[in-house]
Amino acid sequence: MQILAQPSDPHQNAHTTAAQPASLRIVAVGDSLIYGFGDPEGGGWVERLRRRWMSPESPSHALYGLGVRGDRVRQVARRLEGEFRNRGELRHRVPDIVILSVGLNDSARLGRRTGKNFTDFDEFRGDLANLLDQAQQLCPVLFVGMTPVDEAKMPFSNCLYYNHADQHRYKEATRLACQERQIPYLDIFERWLHRGESWYRACLTQDGLHPNSAGYAAILQDVLQWDAVQPWIGE
């Protein structure tokens, strides 16, 4: 189990230890997996989690879902800090936790199955290092990995070809970069593949790319059961 370092920002409250639970300010930043596209019932796993915390008996954590469909790592890095600096409870302070989830769009091949990756792999690793370093300078970071696609449904939007081999390569680069920085990484890709093809296909929308309502519900359960979050947001 990886243990997150406690925030060193003197302006933050000392409420981030497991022994002293209190209201946290959390931002989730990334692509459509953060946005929740494909879940008309619950709005995605981030929105489902936000709603759980709105009941009187739940922790009064504030969770901002800042996902943008189609974003790649570079776009998330560009908007990371500006997304929360002017938001209500977060104004003039940094969050207690940043949750990142991005990288799938970088792995897509353009125009044909053998086309170039949307983001060159070496460029991706450089962009990712920049994003992770930038985020860690702000506060503790968690990373939720990508879901596997249904390769039989490609291309997406008639031009983007996603495949498991490229997904594995990009997610492994992400996992290792997180490991190097002691950032907890939740490997959704491997978890879903391990559950079987029929299982994960049933958790995807007709486009073969985005999770459906059942898929986002499954992601939320994986997040809630993740050892890394228990000292912070465990219920």
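When segment 172-199 is filtered for residues that are surrounded by fewer than 19 Cβ atoms within 10 Å (Cβ to Cβ) and either at pLDDT below 95 or farther than 20 Å from residue 121 by Cβ (or both), the ones remaining, listed by number, are 182, 191, 193, 194, 195, 196, 197, 198, 199. Answer with yes or no whether residue 215 is under 15 Å from the mean Cα position of the chain (by Cα), modelled with pLDDT of 95 or more and over 30 Å from residue 138 (Cα atoms). So residue 215 passes the test. Just give me the residues in segment 29-58 being among the acidic types (Asp, Glu) and under 11 Å from the mean Cα position of the chain (by Cα), in sequence order. Passing the criteria: only 31.
Filtered by the rule that a residue be modelled with pLDDT under 80 and small (Gly, Ala, Ser), segment 61-99 gives a lone residue, 88.
Within segment 173-218, the residues that satisfy the criterion of being under 16 Å from residue 100 (Cα atoms), among the hydrophobic types (A, V, I, L, M, F, W, C), part of a helix (DSSP H, G or I) and in contact (Cβ under 8 Å) with a residue 40 or more places away in the chain are 173, 177, 178, 188, 189.
Residue 123 meets all of the listed conditions (1) in contact with a His (Cβ under 8 Å, 6 or more places away or on another chain); (2) of a type outside the set (Gly, Ala, Ser); (3) over 28 Å from residue 63 (Cβ atoms) but one, namely (1). Please indicate, with yes or no, whether at least one residue in segment 16-26 is closer than 28 Å to residue 189 by Cα and either touching a helix residue (DSSP H, G or I) at 6+ places or on another chain (Cβ under 6 Å) or at pLDDT 95 or above (or both). There is at least one residue in segment 16-26 that is closer than 28 Å to residue 189 by Cα and either touching a helix residue (DSSP H, G or I) at 6+ places or on another chain (Cβ under 6 Å) or at pLDDT 95 or above (or both). Within 21 Å of residue 43 (Cβ to Cβ), part of a helix (DSSP H, G or I) and at pLDDT 95 or above - does that describe any residue in segment 125-142? Scanning segment 125-142, I find no residue that is within 21 Å of residue 43 (Cβ to Cβ), part of a helix (DSSP H, G or I) and at pLDDT 95 or above, so the answer is no. Residue 65 meets each of the listed conditions (1) touching a strand residue (DSSP E or B) at 6+ places or on another chain (Cβ under 6 Å); (2) in a loop (DSSP other than H, G, I, E, B) apart from (2). When you scan segment 84-103, do you find a residue that is touching a Ser or Thr at 6+ places or on another chain (Cβ under 8 Å) and either surrounded by fewer than 18 Cβ atoms within 10 Å (Cβ to Cβ) or under 27 Å from residue 204 (Cα atoms) (or both), even just one? Taking every residue of segment 84-103 in turn, at least one turns out to be touching a Ser or Thr at 6+ places or on another chain (Cβ under 8 Å) and either surrounded by fewer than 18 Cβ atoms within 10 Å (Cβ to Cβ) or under 27 Å from residue 204 (Cα atoms) (or both).
For every residue, the table says whether it meets (1) of a type outside the set (Ser, Thr, Tyr); (2) under 19 Å from the mean Cα position of the chain (by Cα).
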{"position": "148", "(1), (2)": "yes, yes"}
{"position": "152", "(1), (2)": "yes, no"}
{"position": "166", "(1), (2)": "yes, yes"}
{"position": "198", "(1), (2)": "no, no"}
{"position": "204", "(1), (2)": "yes, yes"}
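The values are calculated or read from the model by the stated rules, or taken from the named source; none is laboratory data. Bear in mind that the values here come from a model prediction, so they are computed numbers and not experimental data. Counting neighbours? That spans all protein chains shown, and the Cβs are built from the backbone with ideal geometry, glycine included.
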